[in-house]
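Since the structure comes first, as structure tokens, the remarks are kept for the end.
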Amino acid sequence: MVNSIHPAEISWNEQGLPVANQFDDVYFSNDDGLAETRYVFLNKNGLPQRWASESFTDFVIAESGFGSGLNFLATWQMFNHMPQDQRPQHLHFISFEKYPLHKQDLIRTLDHWPELHTYAKQLHQKYPDIITQGCQRIIFEEGELTLDLWFGDIHESLQNMAQTETGLVDCWFLDGFAPSKNPEMWTQELFDLMAKFSKNNATLATFTAAGFVRRGLIQAGFNIQKAPGFGHKREMLQGRIEIPSIQSTAAPWFYRPTPKSDSDVVIIGAGLAGASLSYALSLRKIKHTIYEQAEQSASAASGNRQGAIYPLLQSTQSPINDFFCNAFNFNRRTLAHLLDQGYAIRHQWCGVLQLGYDEKSAHKLNKLEQVHWPEALLQHVDSQQASDILGQPVEHSGIFYPNAGWANPQDLVNALLTQSLNSGYATVHYQSQLQDWLSEDGQVKLTINGQPHDCQQLILANGHQVIDFSLTSVYPITPVRGQVTHIQTTAQTAALKTVLCYDGYLTPACQQTHCIGATYQRNQLSRELSAQDTRQNLEALAHCIQQPWTHDLQVDPSIGRAAIRATLRDHLPMMGPLVHIPSLIHQFAHIPQPELKANLHQVPLVKGVYLLAGLGARGVCSAPLLGEIMASEIAGTPYPISQSTLDALHPGRFWIRRLCRNQPITPF
């Protein structure tokens, strides 16, 4: 089943500071929590002296126990006060928290330190409204500071994290409640995992001097010394690991190489996928060029007027839940940031109502309702509640996503691209069609509009057209034609207050029209409007919801639109290095079927070429996180998703699964 996250249960002591009821322990020193943070975690990890004496492009801090975020805010303040030439270009702060504070408790706690108010306010604004298991990535300072909040047990989270080739962590804040109060966290397993994810010469500091903690860290490979403690505490521990045993978290067949250079990057496609990647690369100050065959951005599947934003969920623990919960939350934060920057993005966080309109869909939703989801994410509603939420009567029960909604995909794409172009790190060329490409001698050679171009890294983000080339044609991406219809607002439909999903979807009014759709026609590439498809959209609504308000709707013929989506059978996109399928088949075809898995090793990749494709009908929800993950891969920095979810996005996964099951790997 899906693991749920339980918020912290706290009370307040005489000093007005929070106490964790689960552990009967304070979150920080009653004397001066901020001074303790600076002494124990910053000073004893050699910060900021390490930044000034060494050249760090990226510096990664990992912390056991986010609590109120005090350690993070103190680090952020120190980072901001350092001259830019004496600090890392990018600071990445990873924190693990099993019992996250409620938002109101977070801000009440941080009010005790007025000097951190500016930082606390920003944290409060971006702190997740929906708490789900896994990583929640929050970006500050226009990309110079990244916070990854991993909600859940730290042992499970660390076991599920994706490693980089050179290790992950430069510095550990070993915090949390006292070992005597919280022995389940302070384990040899944790110390060993810390060593596994440490870079060369990673440092460590912790407020405790407990003997079993010192011995456990030494056993894991850290050189540990005692140091004077803060305040009334006599001693604390600090240490370093000189040559850690860095272990890959990915199976060899899911290998993802870190590019030797993050320069000279080319993106094909200026839709949601390409624009999201461009935005994420710009935040990392990585120069790149976008080629788009149309005259403008978002001209294909990303060009609809209203796209629903809500997560795809399953009733069992799966990478789909991990990916889409995180993608949904990341989308909300990205959109909020762009709006704060002044971009006009038509949208409404009006909620999404999904109805069980027939026996099959009702059964599916009933299974989903058995899972303990956060109410901020998903709520079960009966037909009367559904009618009240929608603003018009419906005869079905269903589920409601209160923080979901819709956005104009084209507005979102244009905002992402404009932000990238304004950064100076992106260049875009329209009416530029990629006709062919070839990877050889460490370069990717492109033919665009008949002219040769070279690059180091090529990312194919051009929708269903990613399969138009010889080495990608075997990938199981299916083009699906979808036509949306726009209907004129009536007195009845004007009352609609939320996005409605059934065997189709209907949006609230925008500019006196509603978007209704969409048809689903496999391997159909025509973008001509069809009167039959218009009828199908209208009939689907009337059939699924048999109420007077769903009949006699008037079509606005000037707005209808058809586009081609790129879909995959497992409902997850492809993101990552391109596997050379002919070589894969050649390598493994001769191995007897029962021995395939035993002989499986690193699969052949096409050097410098990546796929960012197959976003399907949920692209407006998933694209910003996909771009962030892809940019993390190119930059060689921590991923915002688990290793298992990363594997589930791997472009070679369909063939790899067959090999792991000892099944033939014939082309799809």
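State the number of residues belonging to segment 497-523 that are closer than 23 Å to Ile345 by Cα, surrounded by fewer than 21 Cβ atoms within 10 Å (Cβ to Cβ) and not polar (S, T, N, Q).
3
Among the residues of segment 588-646, which ones are acidic (Asp, Glu) and within 26 Å of Leu659 (Cα to Cα)?
Initial filter on segment 588-646 (acidic (Asp, Glu)): 595, 628, 633.
Scanning segment 588-646 gives Glu595, Glu633.
Quick one: which of Val371, Val394 is among the β-branched types (Val, Ile, Thr) and either closer than 14 Å to Cys501 by Cβ or buried (at least 20 other Cβ atoms within 10 Å of the Cβ) (or both)? Lay out the reasoning, then the answer.
On the way: Val371 fails: either closer than 14 Å to Cys501 by Cβ or buried (at least 20 other Cβ atoms within 10 Å of the Cβ) (or both).
The unique qualifying residue is Val394.
Any residue that is of a type in the set (A, V, I, L, M), in contact with a helix residue (DSSP H, G or I) (Cβ under 7 Å, 6 or more places away or on another chain) and over 30 Å from Thr37 (Cα atoms) - is there at least one of those in segment 238-255?
Yes.
Identify, by number, the condition in (1) modelled with pLDDT of 95 or more; (2) surrounded by fewer than 18 Cβ atoms within 10 Å (Cβ to Cβ) that Trp437 doesn't meet.
The number of the failed condition is (2).
I'd like to check which strands (runs of 3 or more DSSP E) are fully inside segment 255-371 and have at least 1 residues that are touching a residue at least 40 places away in the same chain (Cβ under 8 Å) and within 21 Å of His464 (Cβ to Cβ).
By residue number, 265-268, 288-291, 307-309.
Would you mind finding the one in Thr490, Thr519 that is in contact with a helix residue (DSSP H, G or I) (Cβ under 7 Å, 6 or more places away or on another chain), of a type in the set (Val, Ile, Thr) and not assigned by TED's automatic domain parsing to the domain that holds His580?
Numbers: Thr490 fails: in contact with a helix residue (DSSP H, G or I) (Cβ under 7 Å, 6 or more places away or on another chain).
Of the residues listed, the single one that is in contact with a helix residue (DSSP H, G or I) (Cβ under 7 Å, 6 or more places away or on another chain), of a type in the set (Val, Ile, Thr) and not assigned by TED's automatic domain parsing to the domain that holds His580 is Thr519.
Would you point out the residue of segment 464-488, among those that are over 30 Å from Gln554 (Cα atoms) and of a type in the set (A, V, I, L, M), that is surrounded by the most Cβ atoms within 10 Å (Cβ to Cβ)? Please lay out each step first, then the result.
At the first step, the residues of segment 464-488 found to be over 30 Å from Gln554 (Cα atoms) are 464-478.
Retained after the next criterion (residues that are of a type in the set (A, V, I, L, M)): 466-467, 471, 474, 477.
Values: Val466: 24, Ile467: 21, Leu471: 18, Val474: 17, Ile477: 26.
Per the stated criteria, the residue is Ile477.
Here is a list of conditions, (1) within 27 Å of Gln133 (Cβ to Cβ); (2) exposed (fewer than 13 other Cβ atoms within 10 Å of the Cβ), and Gln384 meets all of them except one; can you say which number that is?
It fails just one condition, (1).
Can you find, within segment 1-54, the residue that is modelled with the lowest pLDDT among those that are hydrophobic (A, V, I, L, M, F, W, C) and in a helix (DSSP H, G or I)?
Of the residues in segment 1-54, the ones hydrophobic (A, V, I, L, M, F, W, C) are 1-2, 5, 8, 10, 12, 17, 19-20, 23, 26, 28, 34-35, 40-42, 47, 51-52.
From what's left, in a helix (DSSP H, G or I): 34-35, 40-42, 51-52.
Numbers: Leu34: 94, Ala35: 95, Val40: 97, Phe41: 97, Leu42: 98, Trp51: 96, Ala52: 91.
Across segment 1-54, the extreme among qualifying residues is Ala52.
If you go through segment 100-146, how many residues are aliphatic (A, V, I, L, M) and closer than 20 Å to Cys325 by Cβ?
Going residue by residue through segment 100-146, those that are aliphatic (A, V, I, L, M) are 101, 106-107, 110, 116, 120, 123, 130-131, 138-139, 145.
Right, trim to closer than 20 Å to Cys325 by Cβ and you get 101, 130-131, 138-139.
Counting residues in segment 100-146 that are aliphatic (A, V, I, L, M) and closer than 20 Å to Cys325 by Cβ gives 5.
Is it fair to say Tyr279 is of a type in the set (Phe, Trp, Tyr) and under 23 Å from Val444 (Cβ atoms)? Show your work before the answer.
Working: of a type in the set (Phe, Trp, Tyr): yes; under 23 Å from Val444 (Cβ atoms): yes.
Yes, satisfied.
Pairs, please: C-beta under 6 Å, at least 6 apart or cross-chain, first residue under 13 Å from Ile267 (Cα atoms) and free of Cβ contacts under 8 Å to residues at least 12 places away in the same chain and in segment 427-451, second aliphatic (A, V, I, L, M) and surrounded by 15 or more Cβ atoms within 10 Å (Cβ to Cβ)?
none
Tally the residues that are in contact with a Pro (Cβ under 8 Å, 6 or more places away or on another chain) and buried (at least 22 other Cβ atoms within 10 Å of the Cβ), restricting the search to segment 119-130.
Looking only at that region, the number is 0.
The values are calculated or read from the model by the stated rules, or taken from the named source; none is laboratory data. Nothing here was measured: the structure is a model prediction, and the numbers come from that model. As a convention, Cβ positions derive from the backbone with ideal geometry for all residues, glycine included, and neighbour counts pool all protein chains shown.
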